Amino acid sequence: MSAVPLKNDKPVQAGVRTVTVLGATGSIGDSTMDLLRGAPGRYRVEALTANSNVAGLAKLAREFDARFVAIADAARFGELKDALAGSGIECGVGESAIIEAASRPTDWLMAAVSGAAGLKPALAAVDRGTTIALANKECLVCAGDFFMQRAVKAGACILPADSEHNALFQALSSGNRDELTRVIITASGGPFRTWAPADIEKATLAQALKHPNWSMGQKITIDSASMMNKGLEVIEAACLFALTPDEIDVLVHPQSIVHGMVEFSDRSVVAQLGTPDMRTPIAHCLGWPERIAGPAAKLDLAKIGQLTFEAPDFARFPALRLAYDALRTGNGATTVYNAANEIAVAAFIGEKIRFGAIARLVDATMNGWIRAGNLAPLGSADDAIAVDHNARNMAASLLPQIAAKAT
Ligand code: NAD
Ligand code: MG
């Protein structure tokens, strides 16, 4: 039994659908709101959430006449109340309010908070057995198998919104799960695909934020430059589709047109293609089990001319190798991998470490964790949250020595 539906066999829901968007002010949130805007009358917005962007959240809340909005940052609550004065829209503050937003009954929810901070709210949505479009890959990597197990138990339906996983989700329906032999997720290679190791080592924040194909939030853009994003996605694929590390391949594809492929036992490989625009996989999740109109540009392969593929370079991009190591190690190692990366990315943005030190901090934290004898089977999502907390502390304590180390 899988929480990701393997066939389009659910009846289409007629009438108005209620929706909630967690992380409404972000890049995925923006694309989601754009799709909702394009189908007036079909959706009613129940709740919207954000971290600290009061103006953006209040504007969306008024435009979509949301019933409830929640802001994580306690210092901004007064501002939010002022911005919504007279609207009749209820508002809340802090993590508990984000969880309340996720808990309110709706037909569909977009989980698009950035980082493991999205885990508890996503679990609240899981527990009410709703349909969840899951963009927030870190919450899955943090909780591992428990997220999916809890989803099965609650009868929640998880629709993969990450473009590669959405591609796999689409391709999978052309065979049976037991006929699958391998999946391939593509990676653009990011801005440093062709760079020499010494240049990658000292890449600046501005350089890391220049993604060649996708326009995304800051953290995922940095993760794409280090290929940590692809590492997270390998783990995400393992959790979503119950795959072993050997069943997941990564292929560098600089044009980002082919998003993912599934190989079946007869050696047929089924791929999903599209222009690199997140509104396509989000539209697939929003419409599912139907197809709805999507606003992305039409794919023009004649104009693109060439699609190229290359093997990933695990030496220049050690973050990807570390993801496979974490997956093979199990026992909370993927939780540690994600937690250490969140600390490393924040340190890089804060100019405390060099770009090359991001993967070194993740490596050092994973090694330190294993040497300290901390690996243990996770018994629940709460165990994963505790590991996440402790691994962040370990990464923060290793940070000064990683920052000081000359290369
Ligand atoms: P973003 O930084 O643009 O937006 C993040 C959203 O989460 C914002 O609304 C922000 O206010 C909210 N948020 C951040 N920290 C929070 C906290 N502690 N508590 C509550 N809310 C918080 O990020 P994004 O690019 O939209 O990515 C969101 C998620 O989707 C990430 O997990 C990312 O890996 C995944 N994803 C993004 C893309 C993309 O194209 N942007 C593609 C695939 C997957
Ligand atoms: Mg992706």
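Brief remarks follow.
- Within segment 242-255, the set of residues being within 24 Å of Cys139 (Cβ to Cβ) and open to solvent by less than 10 Å² (accessible area, probe 1.4 Å) comprises just one member, Ile248.
- Check on Thr365, open to solvent by less than 40 Å² (accessible area, probe 1.4 Å), polar (S, T, N, Q) and in contact with an Asp or Glu (Cβ under 6 Å, 6 or more places away or on another chain): no
- Scanning segment 104-130 for residues that are over 13 Å from the mean Cα position of the chain (by Cα) and closer than 12 Å to Val21 by Cα yields a count of 7.
- Index of the failed condition, Ile292 passing every other in (1) of a type outside the set (D, E, K, R); (2) in contact (Cβ under 8 Å) with a residue 24 or more places away in the chain; (3) part of a helix (DSSP H, G or I); (4) over 16 Å from Ser163 (Cβ atoms): (3)
One line per residue, one yes/no per condition, for (1) crowded, with 22+ Cβ neighbours inside 10 Å; (2) farther than 23 Å from Gly118 by Cβ; (3) at pLDDT below 95:
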position: Asn341; (1), (2), (3): yes, no, no
position: Val345; (1), (2), (3): yes, no, no
position: Asn374; (1), (2), (3): no, yes, no
position: Asp382; (1), (2), (3): no, no, yes
position: Pro400; (1), (2), (3): no, yes, no
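- The set of residues in segment 135-146 being touching a Gly at 6+ places or on another chain (Cβ under 7 Å) and either within 14 Å of ligand 2 (Cβ to nearest atom) or open to solvent by 10 Å² or more (accessible area, probe 1.4 Å) (or both) consists of Asn136, Glu138.
- Failed condition for Ala406, given (1) at pLDDT 95 or above; (2) open to solvent by 30 Å² or more (accessible area, probe 1.4 Å); (3) part of a loop (DSSP other than H, G, I, E, B): (1)
- Flag not set for Thr204, criterion: surrounded by fewer than 17 Cβ atoms within 10 Å (Cβ to Cβ) and closer than 25 Å to Leu159 by Cβ.
- Residue within segment 318-325 that is in a loop (DSSP other than H, G, I, E, B) and either surrounded by fewer than 14 Cβ atoms within 10 Å (Cβ to Cβ) or small (Gly, Ala, Ser) (or both) present: no
- Residue that is nearest to Pro40 (Cα to Cα) [pool: residues in segment 56-91 that are within 12 Å of ligand 1 (Cβ to nearest atom) and in contact with a helix residue (DSSP H, G or I) (Cβ under 8 Å, 6 or more places away or on another chain)]: Leu60
- Gly190 being without any contact (Cβ under 8 Å) to a residue 40 or more places away in the chain and either within 12 Å of ligand 2 (Cβ to nearest atom) or more than 17 Å from Val141 (Cα to Cα) (or both): yes
- Condition check for Thr194 on (1) farther than 15 Å from Phe317 by Cβ; (2) open to solvent by 40 Å² or more (accessible area, probe 1.4 Å); (3) not in a helix (DSSP H, G or I): one failure, at (1).
- Tabulated pairs, segment 328-347, first closer than 15 Å to Ala143 by Cα, second surrounded by 20 or more Cβ atoms within 10 Å (Cβ to Cβ) and of a type in the set (Phe, Trp, Tyr), C-beta under 9 angstrom, 6+ apart or interchain: Gly332/Trp369; Ala333/Trp369; Val336/Trp369; Ala340/Trp369
Residue-by-condition table, conditions (1) within 15 Å of ligand 1 (Cβ to nearest atom); (2) in a helix (DSSP H, G or I):
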{"residue": "Glu164", "(1), (2)": "yes, yes"}
{"residue": "Ala171", "(1), (2)": "no, yes"}
{"residue": "Ser174", "(1), (2)": "no, no"}
{"residue": "Arg182", "(1), (2)": "no, no"}
{"residue": "His211", "(1), (2)": "yes, no"}
{"residue": "Ser215", "(1), (2)": "yes, no"}
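- The listed residue being touching a residue at least 12 places away in the same chain (Cβ under 8 Å), among the aliphatic types (A, V, I, L, M) and away from ligand 2 (no atom under 16 Å from the Cβ), out of Ala156, Ala167, Ala171: Ala156
- Applying the condition of being more than 16 Å from ligand 1 (Cβ to nearest atom) and in contact with a Cys (Cβ under 9 Å, 6 or more places away or on another chain) to segment 147-162 and asking which residue is least open to solvent (accessible area, probe 1.4 Å) yields Ala151.
- Residues in segment 271-300 that are crowded, with 18+ Cβ neighbours inside 10 Å and aliphatic (A, V, I, L, M) were compared, and the one that is farthest from Gln13 (Cα to Cα) is Met278.
The values are calculated or read from the model by the stated rules, or taken from the named source; none is laboratory data. If you're wondering where the values come from, they're calculated on a predicted model, not measured in any experiment. Here the Cβ is made from the backbone with ideal geometry for all residues, glycine too, and neighbour counts use every protein chain on show. All accessible areas refer to the heavy atoms of the entire protein, side chains included, with ligands and DNA or RNA removed. Shrake-Rupley method; radii C 1.70, N 1.55, O 1.52, S 1.80 Å.
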